[in-house]
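Asks: Sharing a structure below in structure tokens format, with a few things to ask.
The values are calculated or read from the model by the stated rules, or taken from the named source; none is laboratory data. This is a predicted model, so every value here is computed, not measured. Reconstructed Cβ throughout: ideal geometry from the backbone, glycine too, with neighbour counts over all protein chains shown. Keep in mind that these areas ignore ligands, DNA and RNA; they rest on the heavy atoms of the full protein, side chains included. Shrake-Rupley method; radii C 1.70, N 1.55, O 1.52, S 1.80 Å.
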Amino acid sequence: SGWKILALASVTAALTGPGQTLGVSVFVDHFIQDLGISRSQVSTAYLVGTLVAALGLPLVGRTIDRVGVRRSMMAIGFAFGLALIAMAGVQGLATLTIGFFAIRFTGQGSLSLVSTVSVTHWFDRKRGTALGIYATASAIMMSLVPVGLNLVIEAYSWRIAWLVSALIIFVVVIPIARFGL
């Protein structure tokens, strides 16, 4: 039913957290310290990655329209997982910028987009209500992402936190896309 899709889409939207500013923010000091770059360089890399990523989103939207939300979310979830794995291996400013592009394009942009579209496909008369619930539920769940990331960073390392994020995407988002939508 539409309400089940709404719940699942809220979960997938919340799991864009590692690609969102609130998720990335917990890594900034680690990038500065371990990569030997300045806060300004991290900010610039994030800006460039975000702007370039945004340019591709109309294409993603067209693809979702053409192939559907299930296939799109599976592919996007897989790509986002790979991007998170790549973030665990960044070595300097160039790879950090590429990593920011990848997580912003696949997670913050594409996975958010396909999650929202999946809700809009199921609701006509109550679309505004459904999207309001979706926005609220995903924001509440997403607010837990920085807490979880910090726990993994403190227990292991910031690189492991990226890998754990990837694993969660692979075991939650892809099955939701395949079996839940």
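Asks: For segment 89-111, give me each residue that is small (Gly, Ala, Ser) and either on the phi > 0 side of the Ramachandran plot or not in a helix (DSSP H, G or I) (or both).
Replies: Of the residues in segment 89-111, the ones small (Gly, Ala, Ser) are 89, 92, 94, 99, 102, 107, 109-110.
Matches in segment 89-111: Gly89, Gly92.
Asks: Separate question: I'd like the residue in segment 118-134 that is open to solvent by less than 30 Å² (accessible area, probe 1.4 Å) and of a type in the set (A, V, I, L, M) and, out of all such residues, is nearest to Arg70 (Cα to Cα).
Replies: Ranking the candidates gives Val119 first.
Asks: I'd like to check something: does segment 31-52 contain any residue that is under 18 Å from the mean Cα position of the chain (by Cα), of a type outside the set (D, E, K, R) and not in a helix (DSSP H, G or I)?
Replies: No, every residue in segment 31-52 fails to be under 18 Å from the mean Cα position of the chain (by Cα), of a type outside the set (D, E, K, R) and not in a helix (DSSP H, G or I).
Asks: While we're looking at this one, here's another question. Inside segment 5-28, can you point out the residues that are surrounded by fewer than 19 Cβ atoms within 10 Å (Cβ to Cβ), under 18 Å from Ile103 (Cα atoms) and over 13 Å from the mean Cα position of the chain (by Cα)?
Replies: Ser25, Val28
Asks: Tell me which of these Gly92 doesn't satisfy, since it passes every other one: (1) touching a residue at least 40 places away in the same chain (Cβ under 8 Å); (2) open to solvent by 70 Å² or more (accessible area, probe 1.4 Å).
Replies: Every condition holds for Gly92 apart from (2).
Asks: Given the conditions (1) touching a residue at least 24 places away in the same chain (Cβ under 8 Å); (2) open to solvent by 20 Å² or more (accessible area, probe 1.4 Å), report the number of the one that Gly2 does not fulfil.
Replies: (2)
Asks: Out of the helices (runs of 4 or more DSSP H) lying entirely within segment 127-181, which hold 3 or more residues that are of a type in the set (Gly, Ala, Ser) and at pLDDT 95 or above?
Replies: 127-142, 158-168
Asks: Is it true that Ala86 is closer than 27 Å to Phe123 by Cβ, at pLDDT 95 or above and in a helix (DSSP H, G or I)?
Replies: Here the answer is no, as Ala86 does not meet what is asked.
Asks: Another one. Among Val60, Val48, Val67, which is the only one that is open to solvent by 10 Å² or more (accessible area, probe 1.4 Å) and either modelled with pLDDT under 95 or out of contact with any Ser or Thr (no Cβ under 7 Å at 6 or more places or on another chain) (or both)? Before you say what the answer is, go through the steps one by one.
Replies: Details: Val60 fails: either modelled with pLDDT under 95 or out of contact with any Ser or Thr (no Cβ under 7 Å at 6 or more places or on another chain) (or both); Val48 fails: either modelled with pLDDT under 95 or out of contact with any Ser or Thr (no Cβ under 7 Å at 6 or more places or on another chain) (or both).
Step by step, each of Val60, Val48, Val67 is checked, and only Val67 is open to solvent by 10 Å² or more (accessible area, probe 1.4 Å) and either modelled with pLDDT under 95 or out of contact with any Ser or Thr (no Cβ under 7 Å at 6 or more places or on another chain) (or both).
Asks: Now a separate question. Restricting segment 76-89 to residues that are within 22 Å of Arg178 (Cβ to Cβ) and open to solvent by less than 60 Å² (accessible area, probe 1.4 Å), which is nearest to the chain's Cα centre (by Cα)?
Replies: Phe80
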